[in-house]
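Values quoted throughout were computed directly from the atomic coordinates according to the rules given, and no laboratory measurement underlies them. Every value quoted in this text rests on a predicted model; they were computed, and no experiment measured them. Cβ placement follows ideal geometry from the backbone for every residue including glycine, while neighbour counts extend to all protein chains displayed.
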């Protein structure tokens, strides 16, 4: 049973049966079984101006307030039935306090304690939870430096899926995924595979350098992605809409509010994931993706799609260039004491440099030389040395 | 942690933490563990005019031919990577030869043999498969009389998700679910729960009669549904599109081809599942649903939504009536020898009779009397005795 | 230069260079030139419960209040720059007080006085207007019995086209057209041609009976349509959305508000006009169409499309049947004293009777016999005698 | 009756009752009345590789071939009933041979001859037309140097509006407008006003320099636009789709065909016109816009919207920057002998220089300083000196 490659005109991503990423410096695999993670469920963001952030997420983006007080706002999307998908917590430094996953059962928290304990990670468990609406919870500073949170027990709230009287043109219906910046992508991939994640797509070059990988628990393209760069940092958290026009409506509304400068990149169609996307920056600069329509990946032999880093349709299927800030900027993450984690530099080559930097290049059709770029692409793809 | 009910204006479906359906006449639960079913994967339809059926599924609906010969056409949807989602096989009597599920591993076929063997079902296992593209396969005449097929080993083919050069306005991207007609819904629910399915939504009346139930493996509203009626018969197989306009485009194309009489019901918005839908009938009368945008159900405590059978928004959120044929007509299913299964009559009250029959009634707002129906709804909801 | 007919599979509407409708009993053509009408601009509805109507048009449908007091609410759509498109006036009997057209210049009001005066119509001119926001106005009880209003001078207000912060999922952007019920369609067509309107499409039978005609000033399919039936009555007023999903969103919202019984017919695709449509009934039973995407008709030789009354795709391209109330119910219209006009019966055969009545028939493919109707269409198209 | 300004948060375009553009160097106004132009109807493009161009317009964009031979391909959109909207003619130098408008009656050609004759323009009239499908035609080298064509007599062909069996996901339904590059915009505006066009929107700076103007005959935002720059050249010709997703589908298809480098700018939402847009470049570099959903402008007092050249939402409502090639590149136009017209340089300041050049600036909110630009906008809006 072999996979037939995708064969569009021109160069194509390579489809393989197995994850093609190998780490030369792996984190040890614990002997304890990992917890059974269901899905990316929530994120806790520290924001420096709670009112400004509440305005952005509630009044502009339309997330629903489940609960709030002077220091915290708990928000959820329209199809969610658990207490929240996003916690905004007022604090002195904009950062990410937790990437929170839901696990299948209470016993998975015991497994988490054992799994991370074996790795020597600092683990903190609170039966009463760290935030409102959630019970027994494990938080850990994971081997990659990220503040992961795992919980099962959670308060149920009204699923607003049928509440079309409350829908706006850009309604967010679901938290879809996280995206983490980490210096050594293969090392991070191997660790998340130990934790039960599977690779669905990735970006490599011909030398085998891995620039990014997408990893899933629920059967979509990802619950989290690993983006090569200085880390640990959070690249973004993504919410889903039903249709593409919902994403366009968010752009239109930002224009009407004279907040169009919150749009960092897009809207566009991803090559990786095949989803339609938009990247926004919140008042603290935290990056939010709005995302819709990737594909089912739940079969264990779901083909892995590997994209060439020089393929300029990998990150935007329409060949629109990635703005440099999208590569270089990301949110700090906190340790369990609430202190920003130090950031280690990426050592492998950077995706930005090999694609739009002075010596970088991108192609629309494999084999095209940079000189064949039409004039309207030259500024984007050839003037990287001016950055 | 209690569930907060949905609270639209007027009557609402009831949300509970557990499946509220109980069978007084259950099929015994095997002691063997069930196979780990991934998803509804394919259906084999016997069609009486292969050319006519091929025209409908390929030229009109745009499914992709993976392989074909004089007696069989193997079709797949655009985001599929396994060999097929639909097999059209020429035969003398229109019927369903197999509802086919993919299982997680080869060992799950051993589990299936044990599970169904314990139930005294006829089981047939073929290492070479029953159809092209698939290897080791178990077929069983299940306790409800349906020809279930389970397989893991399957040929991979090109996933056409990125092939926008081949898309049509109504492209079908995924097989979503089956829907089975069975006389005793609670008995069928209990059996499918033994097989590892979970209830996501159901329709009941105040006396506790269950008219239908939706059950899932993959985290959508269903992989199969159970509809109360004379059975075993297949109600329909459903394919997904990306967006609602894709479904409208199928209707528009059928009009242009002067095939609008293939439209049986819809398009519309379901109450149950919250999905957008359309029901078509193929040249043999097999029913096909086109479906898009239900919601994530993968958490083990996903709330179960129970709809009142008299709520006229349960099957169409816009209150448009269900055409009687939709309740009464369905496809025969074959036993493992290819002989149509005899059909047993439903003994519980029928959904059609209690809603649009002579003594039936439906409401828009709970408490409304039938006399309050506006004139444009009276024909649909009060003249059932003329059927 | 001859027209090439449309040639879908099956029967087709007939395309001709000229209006094929001839009246045997025409209203005389005035020697005075008609006023230069720009477009259908506004309607004044008398409603019996102003609060209920305001709730429907503002809170449910999202029209914008330009001005209001205890007896009147003035509403406009999002792309409008004149004071209003709809006036709701509290009154004892639900009726239509005015179908209001904007004319090109103030001098066109003089032309209107001369034109209608020559026809012996009662004409009333008020320099201060009949409603707020409008200046010099002519109202007339036209030869067909309808209260037509003509004005040029009008207050400009903010065009909200760019105000995406205010958009809802079902935003209405424009008043598109009226639809009038009149006993003798050819007679009415001839009169409106005298007034400067042109036929774009119509419905006839083989004997030449005309059942309906669509007539335009602005270059869309219509500013008003003439529907054969007991009249003068108003069939509906139509507002446009940008896209089809906006119309679906209105249905979804009505479901969420448990107001789905306001949906009388649709949503669907019209054959005539090729537009996407939905018919609602307001709290008084006034019919509102939501409409999008017809085609440009502004060339003087725009081909006229004539549909066969028995073609069941003429009113719904998908072959979904027309609910009887849609044929039989309509709003009374007032004379200039505010008294409801008496209604004269249609003498030609009725569209409902020849299509879904006891002796009626409709086909999907010309030449099909009614016996060939699939089961799911038989109830709709063959049981008309039960109405 | 005064206009109420649009009042979004932040800076707004200014709405006025009259065209605010005045020319200090107008072309004389003829005493002869202008021809009555209905609409922008067709364009004749000279292409250097007819097969390549045919592939782009027919196979990729889906325009319909009405007629073709070895040197010419005549194409139309799906809702068109006249012979063609686009003529591709093989020739040695890529250029525009004619911008073709339809006039109301044959007599309008006489008016055109007199009108342009009075202006001293070279006029050529051919009763048999210049291209297939069209009869009596006037071509003129207009005072701005553009090859305008006027015709009334034209062959009717099948309007494919209802042919959903032929639709693709990106179907083009209508030619919408032209856009001409000309050095002196006010002078060109005054001349087109003499020809009967009206301004709907424009871009100015505080000193009163006019950078662009949109002018209409049919009641949309434009039949042609005037863009300040070295001219006469053609900036683009635009075709309309029904909905926004149709435009996205064109991008997706270009990606699948590895032709994404045909995308020059967009997709996006215009500020001016409020339409959704995409700019493509054909194999010769001719620019094609795909466009949908502007607004009705047919009233004689339709408010004129004037945008500040420094408002970075004027050309893209989402604040995405305009690629420099879009400002600088355009197609040559031919004189009546088929010789490319010499290009005269713009003398007023250029829109590109005042917005993204070394001394240029753009704002999201009026009053913001360039230093307040977020990092992701700085490259676009502050590094213009590197161009």
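Quick notes on this structure:
- In this assembly of identical copies, the label point of residue A:25 (Cα plus 7 Å along Cα-to-Cβ) is separated from its counterparts by 6.7, 6.8, 9.5 nm, sorted shortest first.
- Modelled FRET efficiency - R0 56 Å, residue C:14 with residue D:371, Cβ distances, 0.05 increments: 0.25
- Inter-part distance where segment C:242-299 and segment A:45-85 are each reduced to a Cα centre, Å: 35 Å
- Two-decimal Rg to Rh for segment B:1-157 - Kirkwood Rh, Cα set: 1.08
- Here, segment D:234-339 is characterised by an Rg to Rh ratio of 1.01, where Rg is the alpha-carbon radius of gyration and Rh the Kirkwood radius.
- Ranking of A:260, B:350 by count of other Cβ atoms within 10 Å, fewest first: B:350, A:260
- Rounded to 5, percent antiparallel among DSSP beta bridges of chain A: 70 percent
- The value of relative contact order for chain A, using C-alpha pairs under 8 Å at least six residues apart, is 18 percent.
- Antiparallel bridges, percent of DSSP beta bridges restricted to segment D:181-336 (to nearest 5): 70 percent
- Highest to lowest packing among A:109-120, D:241-252, scored as the average C-beta count within 10 Å: D:241-252, A:109-120
- Protection proxy ranking, highest mean first, for peptides D:356-368, D:215-227: D:215-227, D:356-368, where packing is the per-residue count of other beta-carbon atoms within 10 Å, averaged.
- The protein assembly as shown: antiparallel DSSP beta bridges as a percent of all, rounded to 5: 70 percent
- Shielding by other protein chains, C:311-319, mean Cβ within 10 Å: 5
- Taking other Cβ atoms within 10 Å as a rough exposure proxy, D:259, C:150 sort from fewest to most as D:259, C:150.
- Anisotropy class of segment B:126-248 from Cα gyration tensor, a/c 1.5 cut: oblate
- Binning all Cα-Cα separations of segment A:327-366 at 5 Å, short to long from zero, yields these whole-percent fractions: 6, 17, 18, 17, 13, 10, 8, 6, 3, 1.
- Label 7 Å beyond Cα on the Cβ vector: residue A:375 copy-to-copy distances, nm: 3.3, 6.6, 6.7
- The stretch between residue A:125 and residue A:353, if pulled fully straight at 0.36 nm per residue, gains 77.9 nm over its current Cα-Cα span.
- Shielding by partners, peptide D:194-207 (average Cβ within 10 angstrom, other chains): 0
- Under the shape rule built on the C-alpha gyration tensor, where the axes satisfy a ≥ b ≥ c, the protein assembly as shown is oblate, since a/c reaches at least 1.5 while a/b does not exceed b/c.
- 222 nm mean residue ellipticity, helices alone, for the protein assembly as shown (DSSP H n ≥ 4; -39,500 (n - 2.57); rounded to 500): -4000 deg cm²/dmol
- Put in line by how crowded their Cβ is, counting other Cβ atoms within 10 Å and starting with the fewest, C:65, B:304 read C:65, B:304.
- Note on B:274-287: average number of Cβ atoms from other chains within 10 Å of each residue's Cβ is 1.
- Take residue A:14, move 7 Å from Cα toward the beta carbon, and the resulting point lies 5.8, 6.1, 6.6 nm from the same point in each other copy, nearest first.
- Whole-percent pair-distance distribution, where bins are 10 Å wide, for the alpha carbons of chain B: 5, 23, 34, 26, 10, 1, 0
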